[in-house]
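Asks: Quick one: the structure is below, and I'll ask about it shortly.
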Amino acid sequence: MLALAKLTVPVIAIVIGEGSSGGALALGLGNKVLMLENAIYSILSPEGYASILWKDASRTKEAAEKMKLTAKDLYELGIIDKIIKEPKGDEEDSFLKVAKSLKKEILKAMEERKDMSPQEMKEERYQKFRNMGEYKSL
């Protein structure tokens, strides 16, 4: 994660399936984090969460709901920047539509950052990561 934080080029992270554990933490350092609408992203699997919290892996569904690991939840929490819609079905055409959407978003993210200096690139990532899980007193 430290090496990723020091990069002076744009980092575009894409969650395409199940992102969890240390690898998921690193994805959060992207200048832009995209996520397929049916993917999940968390620091721990729901099975692991249930086992640790309740000592009962059978409570996986309850754990998943509490963890807020869906694209919709993470977008609302400001963890990811964009949800990439997935067409219904599993035909080759569906894959091509998702690939086309991803390409469009990657190119857009790169274009938005084309005039940023290396230091601005790093600062953008730093500020984005710092603002995650913002603490608010009641």
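The values are calculated or read from the model by the stated rules, or taken from the named source; none is laboratory data. All values derive from a computational prediction rather than experimental measurement. Here the Cβ positions follow ideal geometry from the backbone for every residue, glycine too, while neighbour counts run over all protein chains shown.
Asks: Just to be sure, is Ile79 under 30 Å from Leu4 (Cα atoms) and either assigned to a loop (DSSP other than H, G, I, E, B) or under 19 Å from the mean Cα position of the chain (by Cα) (or both)?
Replies: yes
Asks: Answer with yes or no whether Ser137 is at pLDDT below 95, of a type in the set (S, T, N, Q), exposed (fewer than 14 other Cβ atoms within 10 Å of the Cβ) and closer than 20 Å to Ile16 by Cα.
Replies: no
Asks: Working carefully through the options Ser117, Ser101, find the one that is small (Gly, Ala, Ser), in contact with a strand residue (DSSP E or B) (Cβ under 9 Å, 6 or more places away or on another chain) and either at pLDDT 90 or above or at positive phi (or both).
Replies: Ser101
Asks: Quick check on Ser94: is it in contact with a strand residue (DSSP E or B) (Cβ under 8 Å, 6 or more places away or on another chain), surrounded by 12 or more Cβ atoms within 10 Å (Cβ to Cβ), farther than 17 Å from Phe129 by Cα and free of Cβ contacts under 8 Å to residues at least 24 places away in the same chain?
Replies: Against the criterion (in contact with a strand residue (DSSP E or B) (Cβ under 8 Å, 6 or more places away or on another chain), surrounded by 12 or more Cβ atoms within 10 Å (Cβ to Cβ), farther than 17 Å from Phe129 by Cα and free of Cβ contacts under 8 Å to residues at least 24 places away in the same chain), Ser94 does not qualify.
Asks: So Ala64 passes all but one of these: (1) in contact with a Pro (Cβ under 7 Å, 6 or more places away or on another chain); (2) part of a loop (DSSP other than H, G, I, E, B). Which condition number does it fail?
Replies: Failed condition: (2).
Asks: Counting only residues that are free of Cβ contacts under 8 Å to residues at least 12 places away in the same chain and surrounded by fewer than 20 Cβ atoms within 10 Å (Cβ to Cβ), give me the helices (runs of 4 or more DSSP H) lying completely in region 1-58 with at least 3 of them.
Replies: 46-54
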